[in-house]
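The values are calculated or read from the model by the stated rules, or taken from the named source; none is laboratory data. Please read all numbers here as calculations on a predicted model, not as lab measurements. Positions of Cβ are generated from backbone atoms using ideal geometry, with glycine treated the same way; all protein chains shown enter the neighbour counts. Accessible surface areas use protein heavy atoms only, side chains included; no ligands, DNA or RNA. Shrake-Rupley method; radii C 1.70, N 1.55, O 1.52, S 1.80 Å.
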Amino acid sequence: MRHAIRLSARNSAKAAGAVLTLALVGTTAACGGSGSDDASGGKATINYWLWDDNQTASYQACADAFHAANPDITVKITQTAWNEYWQNLTTQLASGSAPDVWTDQASYYPQFATSNQILDIQPYVDKDKVDLTQYQAGLADLWVKDGKRYGLPQDWDTMALVYNTTLLAQQGIQASNLTDLTWNPSDGGTLEQTIAKATVDKNGHNGLDPAFDKNHVKVYGFLPEWADGSQGQNGWGDLAAGNGFTFVDKNPWGTHYNYDDPKLAETIEWFKHLIDKGYSPKFDAQSTLGRDAVMDAGQGAITVAGSWSINSYLSATAKQKYAFAPLPVGPAGRKTPINGLSNAIYAGTKHKDQAWQWVKFLGSSSCQDLVAKNAVVFPAIKEASAKALAAHKAKGQDAHVFTDEAAAPNGTYFLPVTDHGNEISQTVQDAVQSVILGKSDAASALKKANDTVNGMFK
């Protein structure tokens, strides 16, 4: 959703977009830490924050259903854009007036847990006997540190290739050609062959044609994402994992990163090779436009997208005709990150019990089935995910590639959850960008970044 420090996948498009002002859903929300009660009846108001405007309607439906079942508790929802969301939350936490509950992200929550700003809900989970096995495997464990639990799984996302069906068909590339692509850092496998064929210069020559002019490209075969933090969720991380790279010594809460692994360096060098061949735009040329804008303009054929973007690409109003295909199979197999969100309870809330009731409801089938019906994201509860897939199908949207990847044995990995997330993200992103800009070789830049990152844990 998701889900950067994930300058993320789920959120990089929002971060690159225009600054949005604070938008309130329903009635105006007060600061959550101080809370608000109806003096006549002691009724609690729970202030709940989220950032994704595409999901606001779904969670308003959950809030309405929750209030109907719990008339003494009212939930007020505040939605802001990604950047402003975290800025506002940081400010509210510093002033002691944070919302009672907020949507949390795995890269951000370590700082809240370390600072004792979010509530340990394990006693509530034990008391109410919440079934943690109902969630997609492994998601519940991400929100535990030292025996304390800081959230229940809300949803999950995986990654896939998204492509312009018209542009690929013009080069004789059909959907069946994309179902089992291979990749390796030496020759790029059938993925590079497909990218080359999908790249077209101003004279109509594709990248496999000896007459191809890499200096005058009309359609780029592949659009990478370089504002992708330390996790590369929108591209390089997926292929690096497929090449055998692992981010950290253990996850969650590892303390030693492996960014100096040659398997990562050769992956980043391969991406630079795409630019050198003319199959991908130069970073400094592309950086003024997001990938979505280039794809929608018909100037990009293939990129990587998360399951949260299904409606953007497959809606009736999409500017091009798109479809999804599985990520390629690398030397270590096909690998996709699986990421998820949860909901945090502010440690300073005056309504701990009521906030827990809301968080428990968000993590239940009563809410997640409502979310599934809207076919925006895949809820964390496995049965609700199946309902979301069916809802997409009912809308004429073929989204099974994401659930297939999530179900594949050994096909997923979790994005790293450790301390120092913000600092690590900037350090590694700067190193990767220096390679793509030709300022450094990958091995040297990543070795230097890795030393800096691991020094943060000493």
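In the chain, a dipole from Cβ-located charges (positive for Lys and Arg, negative for Asp and Glu) runs towards its positive end, and of 203, 378, 88 it is 203 whose Cα lies farthest in that direction. Think of the chain as a dipole: +1 on every Lys or Arg Cβ, -1 on every Asp or Glu Cβ, centred on the Cα centre; then among 56, 244, 414, 56 lies furthest on the positive end. Considering only 178, 190, 168, and ranking their Cα positions along the charge dipole of the stretch 134-240 that arises from unit charges at the beta-carbon of Lys, Arg, Asp and Glu, the one farthest toward the positive end is 168.
Within the stretch 378-415, name every residue whose backbone N is under 18 Å away from a label modeled 7 Å from Cα of residue 174 along the Cβ vector. Of the residues in the stretch 378-415, none has backbone N under 18 Å from the label point off residue 174. Per residue, the convex hull around the alpha carbon atoms of the stretch 119-268 comes to 159 Å³. Backbone phi angles across the stretch 104-114, fed through the Karplus curve with coefficients 6.51, -1.76 and 1.60 (θ = phi - 60°), yield HN-Hα couplings of 10, 10, 4, 7, 8, 5, x, 5, 5, 5, 4 Hz in residue order; Gly and Pro are listed as x. Annotation: average projected area of the chain is 21.0 square nanometres, based on the convex hull of Cα atoms across all directions. Here the Kirkwood formula puts the hydrodynamic radius of the stretch 299-343 at 12.9 Å, using every distinct Cα pair. Using protein chains only and a probe of 1.4 angstrom, how many square angstrom of residue 64 are accessible, to the nearest 10? For residue 64, the solvent-accessible surface is approximately 90 Å². Averaged per residue, the stretch 258-347 has 36 square angstrom of accessible surface, using a 1.4 angstrom probe with ligands and nucleic acids left out. The length gained by stretching the chain between residue 87 and residue 256 to full extension, at 0.36 nm per residue less their Cα-Cα distance, is 58.0 nm. Taking the DSSP beta bridges with both ends in the chain, the antiparallel portion is around 70 percent. Taking only protein heavy atoms and a 1.4 Å probe, the accessible area of the chain is 50% carbon and sulfur. Dipole magnitude for the chain: computed about the Cα centre from +1 point charges on Lys and Arg Cβ and -1 point charges on Asp and Glu Cβ, it is near 380 debye. Given +1 at the Cβ of Lys and Arg, -1 at the Cβ of Asp and Glu and no other charges, the dipole of the stretch 356-397 around its Cα centre is 100 debye to the nearest 20. Between residue 68 and residue 350, the simple spin-label model (points 7 angstrom out along Cα→Cβ) gives 3.0 nm.
Across the stretch 64-162, C-alpha contacts under 8 Å between residues 6 or more apart give a mean separation that, scaled by the residue count, equals a relative contact order of 18 percent.
Charging the Cβ of each Asp and Glu at -1 and of each Lys and Arg at +1, and nothing else, the dipole of the stretch 64-190 about its Cα centre rounds to 140 debye. Extension gain for the segment residue 214 to residue 293, taken as residue separation times 0.36 nm less the Cα-Cα distance, is 26.3 nm to one decimal.
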